[in-house]
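Undergrad: Sharing a structure, written as structure tokens. Questions coming.
The values are calculated or read from the model by the stated rules, or taken from the named source; none is laboratory data. These numbers come from a predicted model, not from an experiment. Don't worry about glycine lacking a Cβ; one is built from the backbone with ideal geometry, like all the others, and counts go over all protein chains shown.
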Amino acid sequence: KQANGDYKVTVRSSNHKGDSGLYNSHVYLVDNAGKFIGLGGKQVTLDITKTQGTLTIANNDKNRGTFDVVITNLTNPGGITGVVIPVWSDQNGQDDLVWHNATKQEDGSYKVTVSASQHKWNSGKYIVHGYLTDASGKNVSFGATSVDVVAPKKIGSASRGNYDVFNKIVYLDAGHGGYDPGASYFGISEKSLTLAIQSRVKAKLEAEGYQVVTTRTSDAFVDLTDRSRAANASESDIFVSIHINAAGSSDVQGIETYYYQPYAEYPSRINAAYHANPTRLSMSDTLANAIQSSLINATGAQNQGVKRRTFAVLRETTAPAVLLELGFLSNSQEAARLTTSVYQETLANAIVAGIKAYYEKESNV
């Protein structure tokens, strides 16, 4: 019932199997005795675009145990806010089920790279389903396919303490999230900026042939130790935590990068065997300097240098690890720059260039 006494109902094609064609509407009132009294009827013809999409398997690399899932011709009458691809191997049911987030490409398609390393290194048939997320947040199925995967023999990773192995897998950690906003100035929260920059870095790394694992892809809170625990369970070569800085003085500005410094008063909780490993520290030093140099050259920002601290995510992560502070949100000029897509793109390009320089120096891949 409306304010003026009229009655109104919105009919959604999604409640009628999304069908196109002639729709019949009949109207009844219900009296005080519960009796239905017909008032009339109307017809309307709807031309509905049904939910559909095409799942294609590409770049099935039997040497690395990876393949791409490409989604094209994706349409949905309820809108599209994201695409998720659940994948599992046919070994042991769905015990290796992973919901992969696909990334939108410039041509409007979506793509995600799947690795056997994310599925217990299983070989055999992999089941691939496609779901889009509509404007209401509901997941809607649009197709399924499968692919035969040959997984290479598992040889470990830096995240497992083998620093001689390079899988070209990068772990990205967008700082803060959920009820932890991080630094907040001028109506801007650190958690939003770190996620936006991570998204750009992820897409660029994947375009360069790297695989990317992330702590979070939405505004969600993740405990510090859980971030390192997830990284240590992956096959990633490096851990890169993305943050925005703040200071007591609004004059302070610039970019700085941290790697781990052991402090006796802060013993490791889950990484006692590797936190102070000299190889890890040396490789972290190389990674920090490569990214810091690239960031300063690309942005022209004040160089606050490479520093060492015992931050939890650096201490508890087994792989070479760095924490980036990409500017001071407490400085009005840097805050304004950090919110622009142009500057975020510059930062992302520089981070990727630094990561590539690290790989070239350490692994020659």
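Undergrad: Any residue in region 30-51 that is within 30 Å of residue 213 (Cβ to Cβ) and touching a residue at least 24 places away in the same chain (Cβ under 8 Å)?
TA: For region 30-51, residues within 30 Å of residue 213 (Cβ to Cβ) and touching a residue at least 24 places away in the same chain (Cβ under 8 Å): present.
Undergrad: Just to be sure, is residue 150 at pLDDT 90 or above and either within 17 Å of residue 114 (Cβ to Cβ) or in the same structural domain as residue 85 (by TED's automatic domain parsing) (or both)?
TA: The answer is no for residue 150.
Undergrad: Of everything in region 308-365, what is of a type in the set (Lys, Arg), at pLDDT 95 or above and closer than 22 Å to residue 163 by Cα? Give them in sequence order.
TA: 308, 309, 315, 356
Undergrad: Based on this model, can you work out whether residue 138 counts as outside the structural domain of residue 247 (by TED's automatic domain parsing), without any contact (Cβ under 8 Å) to a residue 40 or more places away in the chain and surrounded by fewer than 18 Cβ atoms within 10 Å (Cβ to Cβ)?
TA: For residue 138, the condition - outside the structural domain of residue 247 (by TED's automatic domain parsing), without any contact (Cβ under 8 Å) to a residue 40 or more places away in the chain and surrounded by fewer than 18 Cβ atoms within 10 Å (Cβ to Cβ) - is not met.
Undergrad: For residue 298, work out the one condition from (1) touching a strand residue (DSSP E or B) at 6+ places or on another chain (Cβ under 9 Å); (2) over 24 Å from residue 224 (Cα atoms); (3) of a type in the set (A, V, I, L, M, F, W, C) it doesn't fulfil.
TA: Failing condition for residue 298: (1).
One line per residue, one yes/no per condition, for (1) surrounded by 15 or more Cβ atoms within 10 Å (Cβ to Cβ); (2) at pLDDT 95 or above; (3) touching an Asp or Glu at 6+ places or on another chain (Cβ under 8 Å); (4) assigned by TED's automatic domain parsing to the domain that holds residue 60:
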site	(1), (2), (3), (4)
144	no, no, no, yes
164	no, no, no, no
170	yes, yes, yes, no
190	yes, yes, no, no
193	yes, yes, no, no
204	yes, yes, no, no
217	yes, no, no, no
222	yes, yes, no, no
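Undergrad: Follow-up question, since we're still on this one. Sort out which residues of region 170-204 are in contact with a Gly (Cβ under 7 Å, 6 or more places away or on another chain) and in a loop (DSSP other than H, G, I, E, B), and write them in order of number.
TA: Matches in region 170-204: 175, 176, 182.
Undergrad: Can you list residue pairs whose Cβ atoms sit under 8 Å apart, with the first residue in region 255-267 being in the same structural domain as residue 318 (by TED's automatic domain parsing) and on the phi < 0 side of the Ramachandran plot and the second being of a type in the set (Asp, Glu) and part of a strand (DSSP E or B)? Count only pairs 6 or more apart in sequence or on different chains.
TA: Listed pairs, sorted by first residue: 255/325; 256/325; 257/325; 258/325.
Undergrad: Something else now. Which one of the conditions (1) over 24 Å from residue 169 (Cα atoms); (2) at pLDDT 90 or above does residue 47 fail to meet, given that it meets all the rest?
TA: (2)
Undergrad: Moving on to the next point. Name the one entry in 236, 199, 250 that is crowded, with 23+ Cβ neighbours inside 10 Å and at pLDDT 95 or above.
TA: On the way: 199 fails: crowded, with 23+ Cβ neighbours inside 10 Å; 250 fails: crowded, with 23+ Cβ neighbours inside 10 Å.
Matching residue, one of 236, 199, 250: 236.
Undergrad: So which strands (runs of 3 or more DSSP E) are wholly in region 73-116 and hold at least 1 residues that are at pLDDT 90 or above, within 25 Å of residue 209 (Cα to Cα) and in contact with a Lys or Arg (Cβ under 6 Å, 6 or more places away or on another chain)? Break it down into steps so the answer makes sense when it comes.
TA: Details: elements: 82-89, 98-101, 110-115.
The strands (runs of 3 or more DSSP E) meeting that bar are 110-115.
Undergrad: With respect to the numbered conditions (1) touching a strand residue (DSSP E or B) at 6+ places or on another chain (Cβ under 8 Å); (2) outside any loop (DSSP other than H, G, I, E, B); (3) closer than 19 Å to residue 353 by Cα, which one is the sole condition not fulfilled by residue 167?
TA: (2)
Undergrad: Any residue in region 343-356 that is assigned to a strand (DSSP E or B) and buried (at least 18 other Cβ atoms within 10 Å of the Cβ)?
TA: Checking region 343-356: not a single residue is assigned to a strand (DSSP E or B) and buried (at least 18 other Cβ atoms within 10 Å of the Cβ).
Undergrad: Among the residues of region 1-39, which ones are under 23 Å from residue 50 (Cβ atoms), exposed (fewer than 10 other Cβ atoms within 10 Å of the Cβ) and modelled with pLDDT of 90 or more?
TA: Hits for region 1-39 are 9, 24.
Undergrad: Could you go through region 205-227 and let me know if any residue there is of a type in the set (Gly, Ala, Ser), within 17 Å of residue 117 (Cα to Cα) and assigned to a helix (DSSP H, G or I).
TA: No, region 205-227 has no match at all.
Undergrad: Inspect all residues belonging to region 142-149 and state whether any of them is assigned to a strand (DSSP E or B), more than 19 Å from the chain's Cα centre (by Cα) and over 27 Å from residue 91 (Cα atoms).
TA: Scanning region 142-149 turns up no residue that is assigned to a strand (DSSP E or B), more than 19 Å from the chain's Cα centre (by Cα) and over 27 Å from residue 91 (Cα atoms).
Undergrad: Which pairs turn up if I take residues in region 273-291 that are not assigned by TED's automatic domain parsing to the domain that holds residue 310 and look for partners that are at pLDDT below 95 with beta carbon separation below 7 Å, at least 6 apart in sequence or on another chain?
TA: none
Undergrad: Can you tell me which residue among 209, 177 is surrounded by fewer than 17 Cβ atoms within 10 Å (Cβ to Cβ), of a type in the set (Gly, Ala, Ser), touching a Lys or Arg at 6+ places or on another chain (Cβ under 8 Å) and outside the structural domain of residue 101 (by TED's automatic domain parsing)?
TA: Going through 209, 177 in turn, the sole match is 209.
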